[in-house]
Structures are given as structure tokens and as C-alpha cells.
Amino acid sequence: MTENHQEEAVAAITQADTLDGLQAVKTRYVGKSGLVTRELGALGKLPPKERKARGAQINAVRQAIDAALTERESTLKRTALDARLASEAIDVTLPGLPLPAGGLHPINRVYDDLTRIYERLGYAVIEGPEVEDEHHNFEALNVPWYHPARDLQDTFWLEDGRLLRTHTSPMQIRYMVDHEPALKIVVRGKVYRYEATDATHEAMFHQLEGLVVGDGISMADLKGTIAEMARGLYGPSAKVRFQPSYYPFTEPGADFAVWWDNPRGAVSGQPGKWLELGGCGMVHPNVFKAVDDLREAEGKPRVYEGKTGFAFGLGPERIAMLKYGIPDIRYFYANDPRVLGQFRGELG
């Protein structure tokens, strides 16, 4: 190992124009099998008198090479950084790039329309857990153990015995347990049904549910509320139709529909039609009894037996499909920009 080797190494370091090239030079001279490393390993074969001087000479060469490597590495890194900054520089004086505008999802827009209507009528808007227990989801709502809705084909059951709620009605129970009448609430949120999907059915969808409890609440109050909602959605001339139906948590129960005036009726020859929107009814006395049982178990007074109230529920997907002409409920959840992009202007 001589000064010639040192000059040769420093020259190779200076000529390296990339970090990879510099690494190759470093490996050649001071790597595990490099020239300097081999020379240091051979010191043990020299006589003791020569070993010290030879070791000092090799170490001096190594120090010079290491210093040259450090300086060159710093220079190459600084040059690479300068090149990257230059290539990524942004001219802030240039006009901005046009970006696609987003918009509210059709379901959210319908939800907002509905909640604004009911907030104007004095309802509180609440939400609740999507994972429920069997008692709140079924038993407290007067759904007996033998009811078909409790079969596996309709419900997603969890391993711990709980379930994904099949409707938003459990929040009726939870809210009444924590609050005394009178009350007016609407509940919004996702619900889950274990069923095959098609153009009008999904395993996950949305509901909006209302509950009113007080003294002397009647079916006439329920009809007036649904009619006001219909006018809020479809204009002051909207008409509502009620038909008897069965729900275990209401007595009596009914389905309600709204008359839709087709804006293209003159062209299509169809002036309008009845749109089935949801179900409703007077709260079943057994539901009030179940609420008072839960309240009593928590040391609260029984305040619901003898009260009257009504409840109703509807699906925002159904309204959105009719309002925006969407033929398949699965389009709402496919995240396809070709579908959702059509609502930017109206929903933005």
C-alpha cells in the first residue's frame, strides 16, 4: 500500500458521478475484500519491527480515502437534491389545474331533506348503535321468538350472540328508557338484512324512523305528520294514501304512499302514480310495557304505560331512486364516478 494507491483511489472517487459508482469505488478499496482491508489483514504476517510502521502507513492511506469518500458523497447528495428540487419546482404564477368537483351523495341529500322537514316540526334527530342485542332489536319491540324476521335468513348474527340491527326501531326503546314523555324524535342510520341483492334489495341500506309519544296522540296526528312530510318532499299539492298493514310493534299499523305527479306525463301518457314509501302505526301497548320494564330494572319510574304514540319508517334509497330515476339500488354503493358524477351540479 503506497501513495500511488492513495492517489489512484482519490482519483477514482473524484471521477464517480453517481452514488452507486461511488459505492463501487468504496467497495474496491475499503470494503470487506477491498485493497486496504486486505493489506491490514496481512499485517500479522510481518515481523514485529516492521508491523508498526506498515500499519501506520496503511491507516494514513485509509484515512485519506475515507475523507475523500465522505466529501464526494456529500457533494453527490447535494447535487441530486438540487436536481430533484429543480424538477419538482412549481411555478405558483401559473393558473391552477381544473379538478373534478365533488358533491353530496344522493342518499345524503335525501336524508338532509327529510331531517330538515322534521326539525322544522320540532323533532330531535338522533342516531344509535348498528350492533344491537336481541332484546332491543326484537323482544322489546313485540317481535316474538317465532316471528320469521328472527330467522337466520333475515338477520346477521354475531358470534357473541348480538346482531347487526335489522331496523332503526331499537333506538325507540333506548331513547324512551333514557327519556320521559312527551317526546318527538327521528332516527337515521344504516340497517342490515341477510338477503339476496337485486335491483331493489341490498344487504345494507338506510332508514329514517320517527317516534312521537305523549297524551292523547292519535292516528289523525300520524296522518297529518306524514302528509306534511309528503308536502315537504313533493310540493304543496302532494296527496297521501294509507292502507292497513301489520307490524308487530304497532296497533293499528299501515303502509303509506304518496301520489307522484309525473313531470313528463303529457309526453309519456302517465300523469302520475302512487309511490309506496314506508310503514307506520300507533305504538303497540306491549312496546310501552317493555320500555317501563327496562326503566324499572334501572331504578327509573314507570311512565309510559297509558301513554299513546305513533311511529313511522321509510327508506331514503326508495325516495332517491324515484327522485333521480336510478333503476338499481346497487348503483348507490358501487362508487362508480360515471353514476355519482351526474349529481355534482344538483347535489354539490
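The values are calculated or read from the model by the stated rules, or taken from the named source; none is laboratory data. Only a predicted model underlies this, so the values are computations on that prediction, with no experimental measurement involved. As a convention, Cβ positions derive from the backbone with ideal geometry for all residues, glycine included, and neighbour counts pool all protein chains shown.
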Based on this model, can you work out whether ARG193 counts as under 16 Å from PRO129 (Cα atoms), free of Cβ contacts under 8 Å to residues at least 40 places away in the same chain and surrounded by 13 or more Cβ atoms within 10 Å (Cβ to Cβ)?
yes
Selection from region 191-204 of residues that are more than 19 Å from ASP255 (Cα to Cα) and in a strand (DSSP E or B)
VAL191, TYR192, ASP198, MET204
Does region 290-300 contain any residue that is at pLDDT below 95 and among the acidic types (Asp, Glu)?
no
May I ask you to say which residue of LEU43, LEU35 is crowded, with 17+ Cβ neighbours inside 10 Å, in the same structural domain as ALA56 (by TED's automatic domain parsing) and over 60 Å from the mean Cα position of the chain (by Cα)?
LEU35
Can you pull out the residues in region 105-137 that are buried (at least 16 other Cβ atoms within 10 Å of the Cβ) and assigned to a helix (DSSP H, G or I)?
PRO106, ILE107, ARG109, VAL110, TYR111, ASP113, LEU114, ILE117, TYR118, GLU134, HIS136, ASN137
Check every one of the strands (runs of 3 or more DSSP E) wholly within region 225-339 and list those with 2 or more residues that are more than 16 Å from VAL213 (Cβ to Cβ) and in contact (Cβ under 8 Å) with a residue 12 or more places away in the chain.
240-245, 250-261, 272-283
Cβ-Cβ distance below 6 Å, separation of 6 or more or different chains: which pairs start in region 17-29 with a residue that is of a type in the set (Lys, Arg) and end on one that is in a helix (DSSP H, G or I)?
LYS26/LEU69
Quick count over region 133-165, residues being under 17 Å from VAL287 (Cα atoms) and modelled with pLDDT of 90 or more, is 11
For region 153-173, give me each residue that is outside any loop (DSSP other than H, G, I, E, B) and without any contact (Cβ under 8 Å) to a residue 40 or more places away in the chain.
TRP157, LEU163, LEU164
Consider ALA140 against the criteria (1) buried (at least 21 other Cβ atoms within 10 Å of the Cβ); (2) touching a Lys or Arg at 6+ places or on another chain (Cβ under 7 Å); (3) not in a loop (DSSP other than H, G, I, E, B); (4) not aromatic (Phe, Trp, Tyr): it satisfies all of them except one. Which criterion is unmet?
(2)
Can you tell me which residues in region 193-225 are out of contact with any helix residue (DSSP H, G or I) (no Cβ under 7 Å at 6 or more places or on another chain), farther than 17 Å from PRO285 by Cβ and small (Gly, Ala, Ser)?
ALA196, ALA203, ALA220, GLY224
Checking the structure you have, find out if any residue of region 174-190 is aliphatic (A, V, I, L, M), in a helix (DSSP H, G or I), assigned by TED's automatic domain parsing to the domain that holds GLY128 and in contact (Cβ under 8 Å) with a residue 40 or more places away in the chain.
yes
